[in-house]
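The values are calculated or read from the model by the stated rules, or taken from the named source; none is laboratory data. All figures in this text were calculated on a predicted structure; none of them were measured in a lab. Every residue, glycine as well, gets a Cβ built from its backbone with ideal geometry; the counts of neighbours run over all protein chains shown.
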Amino acid sequence: MKMKLLFLVLLLLLSSLLAGCGEKKEKATEDGQTAEATAEEQVLNLLEAAELPTMDTTQADDSASFVAMNQVFEGLYRLGPDNTPVPGVAKEVIKSESGAVLTFILNENANWSDGTPVTANDFVYAWQKALHPETLSPYAHLMKPIKNAMAIITKDDPLFGKVDELGVKAIDDKTLEVTLEIPVPYFVSLTSFATFFPQKQEFVETQGSDFALYADKMIYNGPFVMSEWNASGWTFRKNNEYWDKDSVKLEQINYKVIKDAATESNLFERGQADRAILSAELVDLYQDHPDFMTYSEPTMWYLKFNIDRVPLAQRKAIQRAINKEDFVHTMLNNGSLVADYFHPADFVTHPDTGEDFRAKHGNIISYSVVEAKRYWVEAGSPIVTWELLINDRDEIKRIAEYIKNQLETNLPGLTININVQPFKQRLALDDEIDYDIQFTGWGPDYQDPLTFMDLWITNGGNNKTNYSNREYDKIIEDALVNLNDLGARFENLQDAERILLEQDAVLAPLYQRGRAVLQKSYVKNLIVHPFGPEYSFKWAYIEGKE
């Protein structure tokens, strides 16, 4: 009996020791390395203001989709914690002496979530798909540095639609050769963007029209897989086929679609969300909260015009008729900056002088009721009604009401009707250029002025304003191909902004976005990127949750 009792005591002691050992696990640190941490439930609960319109990497053109894609797919490289490219599917890149030929060596352990290898042909297929006339990506312009890409998407070019002529070739399953027509220095960084992600041709074609519309109609090669997806939210789970799965500590990420900022903060307070974006009226309430933080972004918000509907003089009047100072401090109250410009401050600097992009021209379009009314008189003091297209998020509705009040007060005879649409429908109307005026925003895809300035080229995938100016196009085209004098290139792009705003009044800039957020202190290493997809969760983890 004593022996049995002793055996049981030893067994219990051994069990407790083993359990104690099991309470230790690896966690990701700031630099992506690993260290020991106390085991906790590795589940992150997040909120998003918009539904996901698509998960097809060649077709997306909205920030919500890009963030989601960055978690479940991976390109040749991905943005690391310090916003520089780190290996993704490619473990290294070999550059030719001229920089025109890049040979990407793929990681032999990079697999799809079904266990099959990611191959060089998966990139060839996806990139050709993004440029094909029938499946043309709204971000096809990002591929212009690749040999023949511009010709393939130019209708009157002999190579139009001939995607087999694209300068990308699978040497073998794990070697991808890319030939650049324009050896831009930021190309490797571009490969971290969703448009450059791979797609497995056989799988895509088997799914047909259902591909990327449902969670079970996709395979994944990123840190996570999408296990659920509907209009109310989506769920990511750790991808055990991911080549670098040991760096991934989160087991699950739950997203809820919430369009009201007050509801976001309530969910945060109740412990149902780990991060919440604060609207203006909540900032003062939470600014002393231990989980409160603010940061600025190179993201611009503005009104854009369908220039075939709204005449030039009216556009110039509208540009100057909104009190942006009151708007930023009263409506937003989150660290956003008044923007009398389109290209953001503190994003890129002159390659020779180190001066910020804003240094040359500073403020271009400022609030002035006197100037606004002068242009309104020039327009004939019309009695006219324009529709303002917006998303259905509550905060944006309040912003639209402010804009409506300002314009109708300062421009007599103008009526603004607000057209509230779900996010996906607003994108559809934008694609069709079926609007008068639209409230919208743009964040950078890569760290170069072109990520803002090439949006407005004639027939550009993201133009969607009917704007066309040959002088402007020429500056952008030169910036793409003439890389010998980077200082002159930079200054020409600064001048292009004046054409866009001052001469042609395509946009009415409003603000450069700041963020006021609540984030639980136990959420560690959630990376916020200033360009490309806004968030990376690969290195995030939970530690210290009570």
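Go through segment 338-363 and count every residue that is touching a strand residue (DSSP E or B) at 6+ places or on another chain (Cβ under 9 Å) and either under 18 Å from L507 (Cα atoms) or among the hydrophobic types (A, V, I, L, M, F, W, C) (or both). Break it down into steps so the answer makes sense when it comes.
Applying the first criterion (touching a strand residue (DSSP E or B) at 6+ places or on another chain (Cβ under 9 Å)) to segment 338-363 yields 338-350, 355-357, 359, 363.
Narrowing the set further to residues that are either under 18 Å from L507 (Cα atoms) or among the hydrophobic types (A, V, I, L, M, F, W, C) (or both) leaves 338-345, 347-348, 357, 359, 363.
The number of residues fulfilling the criteria is 13.
For segment 378-407, name all the residues that are aliphatic (A, V, I, L, M) and either free of Cβ contacts under 8 Å to residues at least 12 places away in the same chain or in a strand (DSSP E or B) (or both).
At the first step, the residues of segment 378-407 found to be aliphatic (A, V, I, L, M) are 379, 383-384, 388-390, 396, 399-400, 403, 407.
V384, L388, L389, I390, listed by residue number.
For segment 163-190, what are the residues that are modelled with pLDDT of 95 or more, of a type in the set (S, T, N, Q) and within 14 Å of L76 (Cβ to Cβ)?
T175
Can you spot a residue in segment 319-334 that is assigned to a loop (DSSP other than H, G, I, E, B), at positive phi and within 25 Å of the chain's Cα centre (by Cα)? Step through it out loud before you land on a result.
We begin by selecting, within segment 319-334, every residue assigned to a loop (DSSP other than H, G, I, E, B); these are 320-323, 333-334.
Still in the list and also at positive phi: 333.
Now restrict to residues that are within 25 Å of the chain's Cα centre (by Cα): 333.
There is at least one residue in segment 319-334 that is assigned to a loop (DSSP other than H, G, I, E, B), at positive phi and within 25 Å of the chain's Cα centre (by Cα).
Residues are listed down the side, and each one gets a yes or a no for (1) acidic (D, E); (2) surrounded by fewer than 19 Cβ atoms within 10 Å (Cβ to Cβ); (3) under 30 Å from D504 (Cβ atoms):
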| residue | (1), (2), (3) |
| --- | --- |
| Y242 | no, no, no |
| S247 | no, yes, no |
| D260 | yes, yes, no |
| D274 | yes, no, no |
| A280 | no, no, no |
| D288 | yes, yes, no |
| K304 | no, no, yes |
| R309 | no, yes, yes |
| S336 | no, no, yes |
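Is segment 304-313 home to any residue that is under 27 Å from E51 (Cβ atoms), of a type outside the set (K, R) and either at pLDDT 95 or above or in a strand (DSSP E or B) (or both)? Lay out the reasoning, then the answer.
Restricting attention to segment 304-313, the residues satisfying the condition of being under 27 Å from E51 (Cβ atoms) are 304-306.
Retained after the next criterion (residues that are of a type outside the set (K, R)): 305-306.
Within this subset, residues satisfying the condition of being either at pLDDT 95 or above or in a strand (DSSP E or B) (or both) are 305-306.
Taking every residue of segment 304-313 in turn, at least one turns out to be under 27 Å from E51 (Cβ atoms), of a type outside the set (K, R) and either at pLDDT 95 or above or in a strand (DSSP E or B) (or both).
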